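Step one of this worksheet: look at the structure below.
Each reported figure results from applying straightforward, stated rules to the coordinates on display, with no laboratory input. As the structure is a prediction and not an experimental result, all values here were calculated from the model. Positions of Cβ are generated from backbone atoms using ideal geometry, with glycine treated the same way; all protein chains shown enter the neighbour counts.
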Amino acid sequence: MRLVVSSRNEHKLRELAALLPGHELVALPTELELPPETGETFEDNARAKARFAAEATGEAAIADDSGIAAAALGGRPGVRSARFAGEGATDEENLGKLLREVPRDGDRRVAYVCALAFAEPGGSERVFEGRCAGTLATDPRGSGGFGYDPAFVPDDVPGGRTMAELEPAEKDAISHRGRAARALAQWLATAPAAAR
């Protein structure tokens, strides 16, 4: 199935393409401007982006909104993960702020959350959520991944490696985006077109 991905993030596009084999993923046309992420939840933002792409292109679309929630910060940065250090902040700036704000000797539990929305023009919408629990490392490690990966130590992997130290296949098997994408793929494979 051909799916328009409502994102400008190249890392996400590559990850989703690997996670949804058998589907043709195409980037949102450059002349279309993504709607602002003003929702209070990951699901709100994912739905808005998928709906926008489906209506603007006339094709089925997917969009994800994801981020990290730190227990010590009451779930922040959450939906503000990409802008935690301010509008236009780099991954390094956002991660640096998180490492400064979470006490080194405090509660370092974190979770990655992903809401992956599917929408068809004039049709139904569906959202799939994936979570990955972990611990925030005190210092970044590894060169893979992006975002908060260098300091995210997933509970599902022995050895205390960060997401940025995992091979791509290892990360995809346990990541929040991987879990949401597998749920979407299973639904696409089994739901009749009339049910979508």
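Go through region 156-171 residue by residue and turn each phi into a ³J(HN,Hα) via Karplus (6.51, -1.76, 1.60, θ = phi - 60°); whole Hz please, and just put x for glycine and proline.
7, 10, x, x, x, 6, 7, 4, 6, 9, 8, 5, x, 5, 5, 5
Can you list the lysines whose alpha carbon is less than 23 Å from that of LYS97, not counting same-chain residues fewer than 8 positions off?
Partners within reach: LYS12.
Sorting PHE146, PHE42, PHE52 on the 10 Å Cβ count, fewest up front, what's the list? Spell out each step's value before the answer.
Details: PHE146 15, PHE42 26, PHE52 19.
So the ranking, lowest neighbour count to highest, is PHE146, PHE52, PHE42.
For the chain, with only Lys/Arg (+1) and Asp/Glu (-1) charged at the beta-carbon, what is the dipole magnitude about the Cα centre, in debye rounded to 20?
The calculation lands at about 320 debye.
Which ³J(HN,Hα) values, rounded to whole Hz and listed in residue order, are derived for region 9-14 from phi using the Karplus coefficients 6.51, -1.76 and 1.60 in 6.51 cos²θ - 1.76 cosθ + 1.60 with θ = phi - 60°, glycine and proline given as x?
7, 4, 4, 5, 4, 5
I want to verify a result. In a Gaussian network model of the chain, Cα cutoff 10 Å, which of these has the top mean-square fluctuation: ALA119, ALA183, ALA50?
ALA183
Can you tell which of ALA173, ALA151, ALA63 shows the greatest fluctuation in a Gaussian network model of the chain with Cα springs below 10 Å?
Of ALA173, ALA151, ALA63, the most mobile in the Gaussian network model is ALA173.
Net charge near LEU16, counting Lys/Arg +1 and Asp/Glu -1 over other residues with Cβ under 9 Å of its Cβ?
So the environment of LEU16 carries a net charge of +1.
Considering the options LEU32, ALA72, SER124, tell which one lies farthest towards the positive end of the dipole of the chain, charges being +1 on Lys and Arg and -1 on Asp and Glu at the Cβ, about the Cα centre.
Positive-most Cα among the choices belongs to ALA72.
Say R0 is 22 Å: what FRET efficiency, to the nearest 0.05, do GLU125 and GLU10 get from their beta-carbon distance?
Taking R0 as 22 Å, the efficiency between GLU125 and GLU10 is 0.30.
Going by C-beta contacts inside 10 Å, put SER7, SER66, SER143 in order with the fewest on the left. Intermediate results must be reported in sequence, preceding the final value.
Details: SER7 19, SER66 23, SER143 9.
Taking fewest neighbouring Cβ atoms as first place, the list is SER143, SER7, SER66.
Please list the non-local residues whose amide H lies under 5 Å from the amide H of ALA137, H modeled 1.01 Å from N, same-chain partners needing a gap of 5 or more.
So ALA137 has HN proximity to PHE152, VAL153.
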